[in-house]
Amino acid sequence: MVDYRELTNQLVTKMKQEDDLRNKAYDRSWELNAALIRVEMAHEEVLSSPDKKELISTLEKEEETLDELFRETALSPSYYNNIVHNPSGDDEITTIHERAPRRGNIDYKMESYARYKAVRYYLQTENDGLLLSPNAPCFSGARNILTDEEYLGGACIGLCHDLSKIAVSRASNAMSDPTAVQFVQDARDTVSNILQELLEFDWRNSPLRRKYDSTKYALKQLETVLYELSVAGALGGHGHDSLNSEEEGGPKTKRIKVADENNGDEKGEGKDVEMEKSALDTFKQEIAEVKERMDHRDKLRETLIKTSRDSQKAAKNSIFAMHRGNTKSAVQLLLDCENSVRNDLLPIVKEEPTLRGGSFSNVLEEYVEGKLFYCWLHGNGGEESGDTNNNDKPAGKILTFDEITLPITVDEYIGGLCDLT
């Protein structure tokens, strides 16, 4: 007979372990969010205050704390989901897969971190509007801090929205700030370049695709601000040559720095143009590499979805076969499902752990239901050979979580168990 109390206690223990890890991740997410807010506030004070020396020192200390906190989070195994269940019961992660999904909502904080770093880098005087590389030192180390999706969502798409907001603020002070118009123009060209590169991606329906869709509105706002500045300059006599320096064909494909009439010369300007073109080419190459990796993952996803359909169908048909009393067919279908999971699906999930949910999880839940039903009818022996319980009375055997040999989660086991009842 099944000891249901022991089975329940086992499931409760495992669910509590998962809940503790999830709550720990959410607590860390709050810490990351608080650190980001402190740094952003310190950065705002530096931008708005005329006396920057002491404020810059405070900002640098806050940024150092922020960097250390995010790096510690990226290197801690407890903030990642393990991609497989170890039948021995030891689920401790010793090596983190580079694509292991994060627990809680830490991935959103990583994206916000990338967004702040990209804006900060862009606004620094010595960088003069350059874009932050996905291979930048702040994102690198013993393990990459960001995934490709977090980089695109934060350092590219998020940057576009922040530049739009900053440009509006700078434009409102254009009468007293002679660099405001040039900043808005440069921001518009930067957003245009980013949008042009993102246009090359084949976005599937996902949060990142929806964020990409919003980028065009950031570009539209910047173009509207430039238009309004040009009208204000024409009517109020406060004109800027930079507004009229572009050709009528639209935004430039790269930003061209305008040399100062007293301090610059044609040679210096040509050098600046060459440096910016080189930086833009580097950015395009890095984005192309990101696209190549994401295209490969999309192919893996398509393969997994199609294979999962057949595997889930085999598990479901095995249940129907057992209802009809066709045990031999049911055994073969369960084996087909199990072999497909081991040989076809698990290699994909191990290469791309973010595909662990969805279709793959549905297959495992259906398999658990079929496996539990078979063992309840015929016991836990002789499945591969087709030996069955020929008595009219069911064996009444319920497999425990650890007796399922495939890498299932507690949720998948409980889902299959509920379907069994």
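Trypsin sites (Lys or Arg not before Pro), restricted to segment 111-182: which are DSSP loop and have at most 13 other Cβ atoms within 10 Å?
Passing both the DSSP loop test and the Cβ count: R143.
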> Got a sec? Charge dipole of segment 299-421, +1 on Cβ for Lys and Arg, -1 for Asp and Glu; which of L372, N362, T400 is way out at the positive end?
Replying inline: N362
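Between D344 and E223, what FRET efficiency comes out of the Förster formula 1/(1 + (r/R0)^6) with R0 = 45 Å and r the beta carbon distance, rounded to 0.05?
So, using R0 = 45 Å, E works out to roughly 0.35.
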> Considering every pair of different Cα atoms, what Kirkwood radius, in Å, is found for segment 94-184?
Replying inline: 14.5 Å
> Each label point is 7 Å from the Cα along the Cα-to-Cβ direction; what then is the distance between the points at M175 and R143, in nm?
Replying inline: 5.5 nm
> Going down the list K61/K109; K211/K316; K117/K211, which pairs span over 26 Å between their C-alpha atoms?
Replying inline: K211/K316
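Would you please give the FRET efficiency between R210 and D295, computed as 1/(1 + (r/R0)^6) with r the Cβ-Cβ distance and R0 = 30 Å, to the nearest 0.05? If you can, show how the numbers build up before the last one.
Details: r = 19 Å, r/R0 = 0.65.
Once rounded, the FRET efficiency stands at 0.95.
Hey, can you find the accessible area per residue of segment 168-210 for me, probe 1.4 Å, expressed in square angstrom?
Details: 2080 Å² over 43 residues.
On a per-residue basis, 48 Å².
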>> Can you give me the solvent accessible area of D19 with a 1.4 Å probe, rounded to the nearest 10 Å²?
In response: 70 Å²
> Contour minus end-to-end for Y26 and Q285, with contour as 0.36 nm per residue of separation and end-to-end as the Cα-Cα distance?
Replying inline: 89.7 nm
> In the structure displayed, which of K16/K299; K328/K397; K24/K306 lie more than 30 Å apart, Cα to Cα?
Replying inline: K16/K299; K24/K306
>> Test of understanding: what is the full-extension gain from T65 to R5, defined as 0.36 nm times their sequence separation minus their Cα-Cα distance?
In response: 16.8 nm
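Set the Förster radius R0 to 51 Å, insert the Cβ-Cβ distance between K52 and D19 as r into 1/(1 + (r/R0)^6), and round the FRET efficiency to 0.05. Provide the component values of the computation, followed by the final result.
On the way: r = 46 Å, r/R0 = 0.90.
Efficiency, rounded to the nearest 0.05: 0.65.
The values are calculated or read from the model by the stated rules, or taken from the named source; none is laboratory data. Quantities reported herein were computed from a predicted structural model and do not represent experimental measurements. For neighbour counting, all protein chains shown are included, and Cβ atoms are generated from backbone atoms with ideal geometry for every residue, glycine included. In case anyone asks, the SASA skips ligands and DNA or RNA and just uses the protein heavy atoms, side chains included. Shrake-Rupley method; radii C 1.70, N 1.55, O 1.52, S 1.80 Å.
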